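Working notes for the structure below.
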Amino acid sequence: MPFTRIGLKFGLLLLPLVAVQVTELLVLPLDAFTFRFWEAMIIREIYLLPGPLYPNRRLDKWSAGDQAPRGPRKKFIRLQSDEFGQRNPPGRKGPYEVVVIGDSNIVGSNIDEHDTIRAAMERECGCSVYAYGAGLPLNILSFLSDKRFEREPPKWVVMEFRPGDVEKQNLPIFEPCFQPQYPEGSLASRGCALKLASTSTERLLQTLQRLGLGEQREILELVDRALKQSAYRNLHARLGLVAKDTRIQRADPVTADDVAHAVRAFNSYRAVLAARDVRLLLFSMHNGKRGAASVSPWLKDLREAGFDVISIDTTTTPPDLFSRWWPDDDSHWREESIRYSAGLIWREISRR
């Protein structure tokens, strides 16, 4: 039959691709095709998992910076994720003194375990610190919707944010939300607040639920890794594509509406935390500008609105460190910058 022959030929054509996929998922290590742990460990769209990283994992890896992903892997990075899919030592229990919420700088995308901001803050304060998040600015919504921190709230929440989040109205207003059709503790259960899932992703999650796989973490990880296509992405990068430098943000001049929106958003977070007797400290990232321009003009508006705010700028940071906040080969903070930030945060908390 002609159709049978066509189907056979098509199947033979696909066989090598299937073999590569099976080998990648079932034979090779998790990080075989990635230049750092971030691409290996971060989930893509299977939000039935509890956090942004694959849970209960340990990964030791020679890594390269994201501005030179095809360059030499010069740094040895050790990573641990806990049962909630966050970069913290496994087995620790709350409540915590401080939860630091932020992006890959807080997680430490090219930073060894000992040098993360969580570890640096614990050395500063002699207290328990928890790192929460992966990307901005939705981590705060995830945290506020996370039942375990509602049951055991910390004393302080430190929220890292980018100046561009204020200047481009990226900060979402918090609205209470829970999706009981998904397992409690999963990212999907907080999905309406997080606005994580596209329609196609939501259909996939519902299908996995109907198949009884909603809490089968090993299978969910395999599905997520298959969606990532790490081998293909590695080949794509080696064909000549390079990472975009995202360190310096160029924003339009900030308007009164931008600042008013930020104040409303921060107020929505502060109100929920205050009801739990938790203090909020806002931590504005380096804006990539020099001199007086490094001090974002809206910082005074936030302080006048009663927020505790610290900022990485030329008034708070030694000039030598400020000018080399990032390494040449990475868009994330260097170890010295992380240690300085940890000290700045703890000094501010100690004053309150």
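The table below lists the values:
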| quantity | calculated |
| --- | --- |
| Selected residue (only one of LEU79, LEU26, LEU30, LEU49 is modelled with pLDDT of 90 or more, closer than 24 Å to LEU213 by Cβ and among the aliphatic types (A, V, I, L, M)) | LEU49 |
| Unmet criterion (only one of (1) under 19 Å from the mean Cα position of the chain (by Cα); (2) closer than 27 Å to LEU59 by Cα; (3) open to solvent by 30 Å² or more (accessible area, probe 1.4 Å)) for GLY126 | (1) |
| Entirely in the stretch 24-120, the strands (runs of 3 or more DSSP E) that have 2 or more residues that are open to solvent by 30 Å² or more (accessible area, probe 1.4 Å) | 58-63, 75-80 |
| Filtered residues of the stretch 276-303 (kept if on the phi > 0 side of the Ramachandran plot and in contact with a Lys or Arg (Cβ under 7 Å, 6 or more places away or on another chain)) | GLY288 |
| Condition met for ARG339 (free of Cβ contacts under 8 Å to residues at least 24 places away in the same chain, open to solvent by 10 Å² or more (accessible area, probe 1.4 Å) and either outside any strand (DSSP E or B) or of a type outside the set (Asp, Glu) (or both)) | no |
| Residue list for the stretch 254-288, restricted to those being assigned to a helix (DSSP H, G or I) and among the polar types (S, T, N, Q) | ASN267, SER268 |
| Counted residues, the stretch 275-298 - those being under 24 Å from the mean Cα position of the chain (by Cα), crowded, with 19+ Cβ neighbours inside 10 Å and over 23 Å from GLU97 (Cβ atoms) | 3 |
| Matching residues, the stretch 166-182, being surrounded by fewer than 15 Cβ atoms within 10 Å (Cβ to Cβ), touching a Lys or Arg at 6+ places or on another chain (Cβ under 9 Å) and modelled with pLDDT of 80 or more | ILE173 |
| ASN267 modelled with pLDDT of 95 or more and either buried (at least 20 other Cβ atoms within 10 Å of the Cβ) or not charged (D, E, K, R) (or both) | yes |
| Which listed residue, of LEU222, LEU241, LEU227, LEU235, is open to solvent by 80 Å² or more (accessible area, probe 1.4 Å), in a helix (DSSP H, G or I) and at pLDDT below 95 | LEU235 |
| Residue, modelled with the highest pLDDT, within the stretch 132-165, restricted to residues that are open to solvent by 10 Å² or more (accessible area, probe 1.4 Å) and of a type in the set (A, V, I, L, M, F, W, C) | TRP156 |
| Residue count for the stretch 316-333, restricted to those that are part of a loop (DSSP other than H, G, I, E, B) and either open to solvent by less than 50 Å² (accessible area, probe 1.4 Å) or among the hydroxyl-bearing types (Ser, Thr, Tyr) (or both) | 10 |
| Selection count where residues are touching a Leu at 6+ places or on another chain (Cβ under 6 Å) and in contact (Cβ under 8 Å) with a residue 60 or more places away in the chain, scope the stretch 277-315 | 1 |
| THR4 being buried (at least 18 other Cβ atoms within 10 Å of the Cβ), modelled with pLDDT under 90 and among the β-branched types (Val, Ile, Thr) | no |
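The values are calculated or read from the model by the stated rules, or taken from the named source; none is laboratory data. No experiment lies behind these values; they were computed from the predicted model shown. Here the Cβ is made from the backbone with ideal geometry for all residues, glycine too, and neighbour counts use every protein chain on show. SASA here: full protein model, heavy atoms, side chains in, ligands and nucleic acids out. Shrake-Rupley method; radii C 1.70, N 1.55, O 1.52, S 1.80 Å.
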